[in-house]
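Everything on this sheet refers to the single structure shown next.
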């Protein structure tokens, strides 16, 4: 079945860039997503990328997709303390609207 | 973006009782809603997919008689945890899609269930 993997933890200093990585196995993925979850809250969609794109930029966020290696990354420029949260990548396959999530990466930003 | 409202945000119940969680799409019609469960420091596990007017499709290992899902209208799906036990304590999150093929899934704010 589909599988999505992420690194578990990332610590950066305020003002630095953060890069969160994700790998997936489903070669038929159509869309790939990044969600942010703050403590005790639901998921906030940050950005998504269509599988035929290799890069998408949205303000401080840059998503890179290497479809050949099935590797997705999220870069947060000028990371702020408010960016501290858990970040989930997720993929959606061709069939149905089901999302498969990675385990989440805890981002800790030190001031 | 579209808004999905989940209620209640927190609930504490006694073992053996049933708890109902509501998921509403506030400004769009949701043909499909998804129910997820999240254990502490873990990812979201899809429990079931519900389509308006039909029976829910449960993922392997999820007891359909334990977790009753009803999607009676295009704006409301409910999850009822029946005969709750402490091991059912968890964070439950719903998401809603609009039409088939929509790129975005909109999530509710989640419900923290504690069974004592």
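Quick note: the coordinates plus some simple rules give every number you see, no bench work behind them. Fair warning: this is a prediction, and the values are worked out from it, not measured in the lab. Don't worry about glycine lacking a Cβ; one is built from the backbone with ideal geometry, like all the others, and counts go over all protein chains shown.
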Inset, instruction - Please report A:9, B:106 as a ranked list, fewest other C-beta atoms within 10 angstrom at the top and most at the bottom. - result: A:9, B:106
Inset, instruction - With springs only between Cα atoms under 10 Å apart, run a GNM on chain B and tell me which of B:81, B:62, B:19 wobbles the most. - result: B:62
Legend entry - 5 Å binning of all Cα-Cα separations within chain B, expressed as whole percents from 0 upward: 2, 13, 24, 26, 20, 10, 4, 1, 0
Inset, instruction - Compute log10 of I(q)/I(0) for segment B:1-59 with the Debye formula, placing one identical point scatterer on every Cα and leaving out solvent, at q = 0.13, 0.19, 0.22, 0.29 Å⁻¹, to two decimals. - result: -0.45, -0.94, -1.16, -1.25
Legend entry - Candidates A:51, A:11, A:73, ranked by Gaussian network fluctuation over chain A, Cα under 10 Å, top entry: A:11
Inset, instruction - Whole Å is fine, so just give me how far the alpha carbon centre of segment A:38-64 lies from that of segment B:50-116. - result: 25
Inset, instruction - Any chance you could list P(r) for the protein assembly as shown, counting all Cα-Cα pairs in 10 angstrom bins from zero, rounded to whole %? - result: 8, 32, 35, 20, 5, 0
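Which shape class, rounded, prolate or oblate, goes with segment A:1-55 when its Cα gyration tensor gives a ≥ b ≥ c as root eigenvalues, a/c under 1.5 marks rounded, and past that a/b bigger than b/c marks prolate?
prolate
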Inset, instruction - Please identify which residues in segment B:39-55 have an amide N closer than 14 Å to a label point set 7 Å out from the Cα of residue B:109, following the Cα→Cβ vector. - result: none
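Peptide A:27-37: average number of partner chain Cβ atoms within 10 Å per residue? Let's see the in-between values first.
Details: counts 0, 0, 0, 2, 4, 0, 3, 0, 3, 0, 6.
If you average over the peptide's residues, the count of other-chain Cβ atoms is 2.
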Legend entry - Radius of gyration and Dmax over the Cα atoms of segment A:36-89, both given in Å: 12.1, 36
Inset, instruction - Obtain the nm distance between the two label points defined at residue A:94 and residue B:70 by a simple spin-label model: each point lies 7 Å from its Cα along the Cα-to-C-beta direction. - result: 3.8
Inset, instruction - Would you compute, for the Cα atoms of chain A, the largest minus smallest coordinate along each principal axis and list the three values in descending order, in whole Å? - result: 43, 28, 20
Inset, instruction - Partner chain Cβ atoms within 10 Å, averaged over the residues of B:105-112 - can you pull that number for me? - result: 5
Legend entry - Top of B:61, B:53, B:16 by mean-square fluctuation, Gaussian network on chain B, Cα under 10 Å: B:61
Legend entry - Average beta carbon contacts from partner chains per residue of B:82-88, 10 Å cutoff: 0
